[in-house]
2 protein chains.
Amino acid sequence: MNLEQFSQYACERVNRYLDDALSEYEPADRLQEAMRYSLFNGGKRVRPMLTYAVAQLFSEANELTDASAAAVESIHAYSLIHDDLPAMDDDDLRRGKPTCHIQYDEATAILAGDALQTFAFELLSRPSFTQPSMQLALIQTLHTASGRHGMITGQMIDLSNVDKSMSLAELELMHRHKTGALIRAAVKMGAQSVGVSDTETLAALDAYASAIGLAFQVQDDIIDITSDTETLGKTQFSDADANKPTYPKLLGLEGAKALAKRLHDEAVAQVEPFGPKAEPLVELANYIIARNH
Amino acid sequence: MNLEQFSQYACERVNRYLDDALSEYEPADRLQEAMRYSLFNGGKRVRPMLTYAVAQLFSEANELTDASAAAVESIHAYSLIHDDLPAMDDDDLRRGKPTCHIQYDEATAILAGDALQTFAFELLSRPSFTQPSMQLALIQTLHTASGRHGMITGQMIDLSNVDKSMSLAELELMHRHKTGALIRAAVKMGAQSVGVSDTETLAALDAYASAIGLAFQVQDDIIDITSDTETLGKTQFSDADANKPTYPKLLGLEGAKALAKRLHDEAVAQVEPFGPKAEPLVELANYIIARNH
């Protein structure tokens with residue numbers, strides 16, 4: 001399977017799972033509509049792809065893999081809704097479409113984000129599963145990545161540094177929390193969902209996730225100054241305009257590109273020992289530093 | 001133990017547990033400060049009292065009881081922070097003190113609320129516990145009560161009915177979701193934390209919780225028109241001013257008082273069969289319709 005095929009497989013699988021779970025309690029109301037609007041907004045499903053790609057290194061993806069992929073994506077969707085709010089980044093566009101608070105209203109966006117967070121933990125605690133210890137381990141991985149020890153602390157670091165200069169170490173600390181933590185969780189949960197507990201294996205996968213997570217951010221900063229608004233689906237220079245620190249600002253454009261390349265190579269080296277089964281993970285790493293939007 | 005003593009016991013116990021869990025990851029930063037500000041703002045801890053009072057009907061409260069009480073209170077605290085935001089109820093005062101977004105800023109308040117929700121699921125999934133099935137059951141109870149099937153849908157109903165008239169049935173539906181669901185979860189989790197699974201017992205406790213939950217709201221509406229701002233710690237008539245439907249508006253003040261009394265009696269009848277051990281639950285029901293703030 002090449003990356004396009006794998007992406008299609010992962011997207012269809014996680015979308016079907018999310019759709020089924022959301023539909024369980026009808027009737028659909030404005031809350032569910034707003035949750036769906038943000039969950040199904042054309043996102044590339046990079047995190048679910050990682051979860052499935054890691055699981056299939058070891059065995060067939062199972063229902064815990066589906067729940068993990070869906071839960072990570074729900075957390076990601078909730079974080080984007082809240083991040084776009086007027087009191088946060090105040091963005092009107094996300095992937096070329098109105099953000100949740102523009103399409104609905106601010107109160108609905110706050111609540112849809114809240115509900116998507118709860119939904120993530122709902123997915124992982126479903127009574128249809130019969131492996132409570134594994135489910136709890138997945139919940140632990142997800143809350144550690146997304147709460148005060150992870151993503152939310154990254155958002156706080158981000159907010160506190162608008163209009164300030166940041167060192168390279170500070171910028172990395174922010175990204176490792178704000179987006180890196182959830183990418184690492186997507187990878188770890190893929191392994192946990194199929195029962196992998198070997199420390200060395202988990203460490204190699206974590207090093208891969210850590211490197212591509214940071215590479216993704218570096219590339220985002222590069223795209224922000226080299227792409228145009230139409231390709232980007234958001235206002236060009238939006239991060240630069242907000243006086244946010246970026247890698248090209250600190251390292252220059254060529255320096256940032258070299259860093260992305262180095263992180264890519266580190267990531268690939270970690271998964272090459274898994275052989276041909278690691279192809280989607282290698283191609284994902286390639287895609288991350290080749291993409292222009 | 002009379003109610004005052006029991007309240008002191010439950011408050012001290014849940015506060016110590018929350019404090020310890022929050023302190024596990026130092027250093028304290030602005031996020032943790034805002035989480036603490038809202039968690040320790042002089043709330044009466046009615047929900048933790050319910051959790052402990054129910055647990056001790058059957059046996060000694062244990063660490064799962066502590067985690068349940070703390071998790072429910074964290075969800076309650078997060079919901080108040082988000083409810084007070086400018087885009088929601090836009091309240092500046094909560095229990096006589098500045099609300100979280102006034103004390104800090106809106107972005108911090110959104111994130112502190114988000115982090116308190118994650119924290120609730122963190123508390124219930126702690127690896128120090130060794131009863132994964134029970135922990136999962138508690139997580140299921142909490143997400144059902146707090147997410148799209150419970151509290152958040154209540155908030156949505158509330159928002160969509162400002163400046164509209166509501167029937168008694170609609171008002172009850174809103175309250176059963178917005179506040180009733182979490183009160184029922186506090187009661188159920190108290191029983192689940194000590195291993196109670198008997199359907200009849202759980203049904204009686206749920207009927208108790210359901211009745212006092214609604215009685216609490218009816219009494220809130222009564223207080224809103226009979227108490228003054230100083231006693232209330234929030235602006236008097238704030239709900240009436242917002243053109244929100246209330247029980248006294250629909251039933252008259254005497255009608256609302258009669259309803260609160262009837263719900264109280266229903267609640268007490270459900271727990272009387274438990275004998276003297278149910279005293280805190282009976283006294284809590286008494287307190288709910290006797291309080292004036």
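The values are calculated or read from the model by the stated rules, or taken from the named source; none is laboratory data. Small disclaimer: the values here were computed from a predicted structure and weren't measured. Positions of Cβ are generated from backbone atoms using ideal geometry, with glycine treated the same way; all protein chains shown enter the neighbour counts. Ligands, DNA and RNA are stripped out before the accessible areas are found, and what is left, the full protein with its side chains, is counted by its heavy atoms. Shrake-Rupley method; radii C 1.70, N 1.55, O 1.52, S 1.80 Å.
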Those residues of the stretch B:2-33 which are open to solvent by 80 Å² or more (accessible area, probe 1.4 Å) and not in a helix (DSSP H, G or I), in sequence order: B:Glu24, B:Tyr25, B:Glu26, B:Pro27
Quick test of your reading of the structure: B:Thr153 fulfils all but one of (1) within 9 Å of chain A (Cβ to nearest Cβ); (2) part of a loop (DSSP other than H, G, I, E, B). Name the failing condition by number. (2)
Meets criteria (in a helix (DSSP H, G or I) and of a type in the set (A, V, I, L, M)) for A:Ala55: yes
Which residue pairs have Cβ atoms under 6 Å apart, sit 6 or more places apart or on different chains, and have a first residue in the stretch B:124-149 that is more than 23 Å from A:Tyr25 (Cβ to Cβ) and a second that is part of a loop (DSSP other than H, G, I, E, B)? B:Gln135/B:Phe129
Residue within the stretch A:154-176 that is within 18 Å of A:Ala77 (Cβ to Cβ) and open to solvent by 30 Å² or more (accessible area, probe 1.4 Å) present: no
Of the numbered conditions (1) more than 9 Å from chain A (Cβ to nearest Cβ); (2) open to solvent by 20 Å² or more (accessible area, probe 1.4 Å), B:Ile81 satisfies every one except a single condition; which is it? (2)
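Do we find a residue being more than 10 Å from chain B (Cβ to nearest Cβ) and touching a helix residue (DSSP H, G or I) at 6+ places or on another chain (Cβ under 6 Å) anywhere in the stretch A:131-150? Full working, then the answer.
Taking the stretch A:131-150 as the starting set, the residues that turn out to be more than 10 Å from chain B (Cβ to nearest Cβ) are none.
No: zero hits.
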Of the criteria (1) closer than 22 Å to B:Lys244 by Cβ; (2) within 7 Å of another protein chain (Cβ to nearest Cβ), which one B:Lys164 fails: (2)
Only residues in the stretch A:61-80 that are more than 15 Å from A:Ala181 (Cα to Cα) count as the first member; pair them with residues that are buried (at least 24 other Cβ atoms within 10 Å of the Cβ) and aromatic (Phe, Trp, Tyr), Cβ under 8 angstrom, at least 6 apart or cross-chain, and list the lot. A:Ala61/A:Tyr52; A:Thr65/A:Tyr52
Might you let me know whether the stretch B:250-264 holds any residue that is at pLDDT 90 or above and outside any helix (DSSP H, G or I)? no
For the stretch B:41-50, indicate whether the set of residues that are within 25 Å of B:Lys97 (Cα to Cα), without any contact (Cβ under 8 Å) to a residue 40 or more places away in the chain and within 14 Å of another protein chain (Cβ to nearest Cβ) is non-empty. no
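Kindly indicate which of A:Glu63, A:Glu122 is open to solvent by 10 Å² or more (accessible area, probe 1.4 Å) and closer than 20 Å to B:Gly150 by Cβ.
On the way: A:Glu63 fails: closer than 20 Å to B:Gly150 by Cβ.
Residue meeting the stated conditions: A:Glu122.
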When the residues of the stretch B:105-130 are filtered to those that are at pLDDT below 95 and more than 7 Å from chain A (Cβ to nearest Cβ), which remaining residue is nearest to B:His143 (Cα to Cα)? B:Arg126
